[in-house]
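Taken together, the values in this text are just the output of simple stated rules run on the coordinates, not laboratory data. Please read these numbers as outputs of a predicted model, since none were measured by experiment. Cβ: placed from backbone, ideal geometry, glycine included. Neighbour counts: every protein chain shown.
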Ligand SMILES: Nc1ncnc2c1ncn2[C@@H]1O[C@H](COP(=O)(O)OP(=O)(O)OP(=O)(O)O)[C@@H](O)[C@H]1O
Ligand SMILES: [Mg+2]
C-alpha cells in the first residue's frame, strides 16, 4: 500500500510548491498512470516515494513503512523494496545485459550461484533471452528499457515505479514496454508510471491520476483517459472514505514501520523460485491466449484492482497501534523506526 496524506513539497528557494497538498492512496497490485504537463510535479511525486526528496509537509507510508520514522540508513532498504525505471534507462554502458542485471543482485550479497539462476529467468521475463552478452549500445531503445525493467524486477520488488519509461521510445516500443509493465502487474506487482504518452494511457485504460501545478485534479479509478484538463472525461474520484476492500487488506498493524535490521543489507535475498514461478505463470497465460479463443488468464487479471481501505482509516489504525505500543512497558514495545 502507498499512502500520501496531504503531501506538499517546496524545493529550496521556491515559493510555489512542486506538490501541493497531495493525498493519494494506491492499493497493492494496482496499475496507476500519473499524467500531467511538464513541470506538473510527476517526478517530484515519484521522488517522494523513493525518498530522493523529502516532503515539506505531510505523511508518506509505503509498504507499511511510515517515512516519518525512517532514518537515513534505512533508505537503501526502502529502495530495495521498490523497483525504479527511468526514461534514460541508466544502464552501465560497459557492462553486458547479463552484468547489468547481475550487478543489482551482487550489491545486496546474493550468492553467485543464485545470480546465475536468477538473471536468465528475469531476462526471459522481459523477452531478452539470447541478449545476455550484448552491451547496451548494441540494443534498441526498447530493448535497453527491457534491461532496465529486468534489473528493477530482479530483486522481486512489490512496487515498480517508472518515471517516463517510454519517453525515449518510438510509439511501437512504447506500447510494448507498457504491455510488459501490464503483464508484470497482472502477476501481482504494483505499478506506478508517469507518462506523457496519451495513446498508451488511452489504450491500457488503467487508473489515471492527473496532476496540475502540483495538485491532483483528476483520479479516474478505472478505464482512465489521458486528459490534462481532467474536464472532458468523467472523473471518478476515489474518496478516501470509499468502500472497504474485498481483496486488498489494510496495512497490517504489525507491519507498521518495522525497523529494518542493520544486518539486512547484506543478507541474501531468495529470488530464484518467485521469478521462475512468475515466468512460468506468464508463459502459461501466453499459451492460453494463443490456444484458446476463450478469455485468458491474463485477461481476467486485467480487472482493475479493488480499492483498498480508507486511507484515513489506515492512518487511524496505525495511530492506535502506536499509542497501544507506547502504553506498554519499554521492554515489551514493538520496534518502530526512529
Ligand atoms: N531540484 C529542484 N529544485 C527546484 N525546483 C525543482 C526541482 N525539481 C523540480 N523542480 C520544479 O518543481 C516542479 C515540478 O517538477 P517535476 O520534475 O516534478 O515535474 P514533472 O511533472 O516531472 O515534469 P516533466 O514532465 O517535464 O518531467 C517544476 O516547476 C520544476 O521546475
Ligand atoms: Mg518528470
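A full extension of the chain between residue 215 and residue 168 corresponds to an added length of 14.3 nm, given 0.36 nm per residue minus the alpha carbon distance.
Using a/c under 1.5 as the rounded threshold, could you call the stretch 80-120 rounded, prolate or oblate? The axes a ≥ b ≥ c are square roots of the C-alpha gyration tensor eigenvalues, and prolate needs a/b larger than b/c, oblate otherwise. In terms of gyration-tensor shape, oblate.
Highest mean first, the peptides 59-68, 40-49 sorted by other C-beta atoms within 10 Å per residue fall in the order 40-49, 59-68.
For the pair residue 68 and residue 179, the difference between a 0.36 nm per residue extended length and the Cα-Cα distance amounts to 36.5 nm. Is the shape of the stretch 135-211 best called rounded, prolate or oblate, per the rule: a/c under 1.5 gives rounded, else a/b larger than b/c gives prolate, else oblate, with a ≥ b ≥ c the square roots of the Cα gyration tensor eigenvalues? Oblate. Full extension of the chain between residue 37 and residue 138 yields a length gain of 33.1 nm, computed as 0.36 nm times the residue separation minus the alpha carbon distance. Is the stretch 12-112 best put as rounded, prolate or oblate by its Cα gyration tensor, with a ≥ b ≥ c the root eigenvalues, rounded for a/c under 1.5, and otherwise prolate when a/b is larger than b/c, oblate when not? Cα axes put the stretch 12-112 in the prolate bin. Between the C-alpha center of the stretch 78-92 and that of the stretch 115-136 there is a gap of 17 Å. Here each label is just a point 7 Å from Cα along the line to Cβ, and for residue 229 and residue 114 those points are 5.4 nm apart. Across the stretch 55-207, the relative contact order, built from alpha-carbon pairs under 8 Å that are at least six residues apart, equals 27 percent. Protection proxy ranking, highest mean first, for peptides 107-119, 189-201, 171-183: 189-201, 171-183, 107-119, where packing is the per-residue count of other beta-carbon atoms within 10 Å, averaged.
Our note on the geometry: Cα centres of the stretch 160-190 and the stretch 26-68, 18 Å apart.
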